[in-house]
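A.B. asks: Pasting a structure here, questions to come.
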Amino acid sequence: MLVARLRYYNDKNIVPTGGDLDRVLRASSITEIDLMLRMGRLNRNVLEAIRDYAGEIRAIIKDHDAERTPYHPVMQVFETSLGKLYEGDCISLMREIESDTVDLVFADPPFNLNKLYPSKINDNLKTEHYINWCQEWLSECIRILKHGGSLFIWNLPKWNAALANFLEGRLNFLNWISVDIKYSLPIQGRLYPSHYSLLYYTKGERPRVFHPDRLPMQICPHCYGDLKDYGGYKDKMNPRGINLSDIWLDIPPVRHAKYKRRNGANELSLKLLDRIVELTTDEGDLVFDPFGGSGTTYMAAELKNRRWIGVEIGPTDDIVNRFDRIHQERGILNDYRESLNTLFTEDAHKKRVQVGLWTCESVRNKKKNGQASLFETEKR
């Protein structure tokens with residue numbers, strides 16, 4: 001077997017198959033089940049055996065706490081009337097938060113891409129170690145989440161695919177949201193990666209709060225015509241906008257200096273966090289983000305009158321300084337929200353009338369007498 005292929009199996013914690021598996025088993029003098037157990041890659045037969053002998057297995061397992069990340073003191077560095085920001089390790093902070101107290105958790109962890117962070121964390125872990133670390137902080141996120149609370153994880157699809165397997169037996173899956181953002185150049189030998197994965201889970205059967213925004217209809221920015229043919233269904237279009245789906249095409253990457261809050265690192269759009277906070281919380285609810293970054297989650301929570309707890313293991317100056325410009329942030333947020341919950345923005349409506357394209361009013365006026373008004377339709 002080629003050394004490179006063996007290293008691939010080891011680094012990615014992938015069980016060999018076929019001839020490679022036979023060679024590994026012969027060289028190591030172990031069975032396939034032994035190999036799977038040592039790698040933590042369990043099939044149905046092994047899992048059933050573990051369930052059958054759970055008592056015996058529990059007796060030989062080491063104390064779980066012995067494998068936990070050591071506690072590191074965290075320090076409060078900033079406070080508003082709604083929130084508190086800490087500097088330090090997120091797992092240590094979460095151990096101090098009472099169970100079942102948080103309404104929304106949004107997590108945007110490091111992607112394990114060997115980036116250099118100001119905190120000097122190791123962003124180049126073996127696959128197994130990265131997943132284990134994610135499972136540790138996720139376990140704490142789940143513990144502090146209220147029944148009916150929501151958890152969102154922003155990550156690369158490859159990592160969220162692995163984390164979804166861990167979450168499946170602990171929370172209720174609602175959506176895998178694809179957010180169309182093209183940060184990088186095409187990669188040779190792969191399809192062009194043009195979306196990020198946003199996992200959406202709830203603790204319990206359904207979310208306690210669910211009030212998604214509705215979006216304006218997509219139209220051509222030049223001629224203002226429809227980009228999708230709605231045919232004979234125009235009279236059924238909700239004047240409050242299009243239903244929010246699990247594919248988000250309208251979240252902009254943060255590149256312009258007007259919106260960037262830290263140098264040398266990607267950051268999330270305020271529009272993204274506004275949508276998530278609006279979707280899953282009410283005013284006064286508690287929002288937690290274990291990876292502060294540039295503080296977008298905390299700013300969205302503050303502007304929308306939600307309580308919040310934040311933590312960043314690296315320098316927090318950019319987050320604190322951001323709150324000095326909260327009036328500018330409020331203006332950006334207001335600009336975003338002006339285009340929501342309407343089928344056509346004010347400018348688009350005006351232009352469509354000028355060029356003779358259909359609007360809610362024109363369709364309504366063409367309806368036959370006795371039929372319900374378009375504006376009486378609450379839901380499509």
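A.B. asks: Identify, from the list G356, G331, G293, the residue that is assigned by TED's automatic domain parsing to the domain that holds M94 and either at pLDDT below 95 or over 16 Å from D274 (Cβ atoms) (or both).
C.D. replies: Of G356, G331, G293, the one residue that is assigned by TED's automatic domain parsing to the domain that holds M94 and either at pLDDT below 95 or over 16 Å from D274 (Cβ atoms) (or both) is G293.
A.B. asks: Conditions first: (1) part of a loop (DSSP other than H, G, I, E, B); (2) more than 15 Å from L286 (Cα to Cα). I97 passes all but one, so which condition is the exception?
C.D. replies: That leaves (2) as the condition not met.
A.B. asks: Out of all the residues in the stretch 12-45, which are part of a helix (DSSP H, G or I), surrounded by 12 or more Cβ atoms within 10 Å (Cβ to Cβ) and not basic (K, R)?
C.D. replies: Within the stretch 12-45, D20, L21, D22, V24, L25, E32, I33, D34, L35, M36, L37, M39 qualify.
A.B. asks: On to the next question. Here are N124, N155: which of them is farther than 29 Å from I326 by Cα and assigned by TED's automatic domain parsing to the domain that holds F323?
C.D. replies: Within the list N124, N155, the selection yields N124.
A.B. asks: Being among the acidic types (D, E), at pLDDT 95 or above, surrounded by fewer than 18 Cβ atoms within 10 Å (Cβ to Cβ) and under 24 Å from P207 (Cα atoms) is the requirement here; does E79 meet it?
C.D. replies: no
A.B. asks: Does any residue of the stretch 271-286 turn out to be assigned to a loop (DSSP other than H, G, I, E, B), under 26 Å from N112 (Cα atoms) and modelled with pLDDT of 95 or more?
C.D. replies: no
A.B. asks: Based on this model, can you work out whether P118 counts as surrounded by fewer than 18 Cβ atoms within 10 Å (Cβ to Cβ) and not in a helix (DSSP H, G or I)?
C.D. replies: Here the answer is yes, as P118 does meet what is asked.
A.B. asks: Can you pull out the helices (runs of 4 or more DSSP H) entirely within the stretch 292-349 that have at least 2 residues that are more than 24 Å from H211 (Cα to Cα)?
C.D. replies: Helices (runs of 4 or more DSSP H) meeting the threshold: 317-323, 326-337.
A.B. asks: Taking the conditions exactly as written (under 28 Å from the mean Cα position of the chain (by Cα), of a type in the set (F, W, Y) and in a loop (DSSP other than H, G, I, E, B)), does Y71 satisfy them or not?
C.D. replies: yes
Residues are listed down the side, and each one gets a yes or a no for (1) within 30 Å of D282 (Cβ to Cβ); (2) in contact (Cβ under 8 Å) with a residue 40 or more places away in the chain; (3) surrounded by 13 or more Cβ atoms within 10 Å (Cβ to Cβ):
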residue: A49; (1), (2), (3): no, no, yes
residue: T69; (1), (2), (3): no, yes, yes
residue: D123; (1), (2), (3): no, no, yes
residue: K126; (1), (2), (3): no, yes, yes
residue: K146; (1), (2), (3): yes, yes, yes
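A.B. asks: State whether the residues of the stretch 174-193 include one that is basic (K, R), more than 21 Å from G310 (Cβ to Cβ) and in contact with a helix residue (DSSP H, G or I) (Cβ under 7 Å, 6 or more places away or on another chain).
C.D. replies: No.
The values are calculated or read from the model by the stated rules, or taken from the named source; none is laboratory data. This is a predicted model, so every value here is computed, not measured. For neighbour counting, all protein chains shown are included, and Cβ atoms are generated from backbone atoms with ideal geometry for every residue, glycine included.
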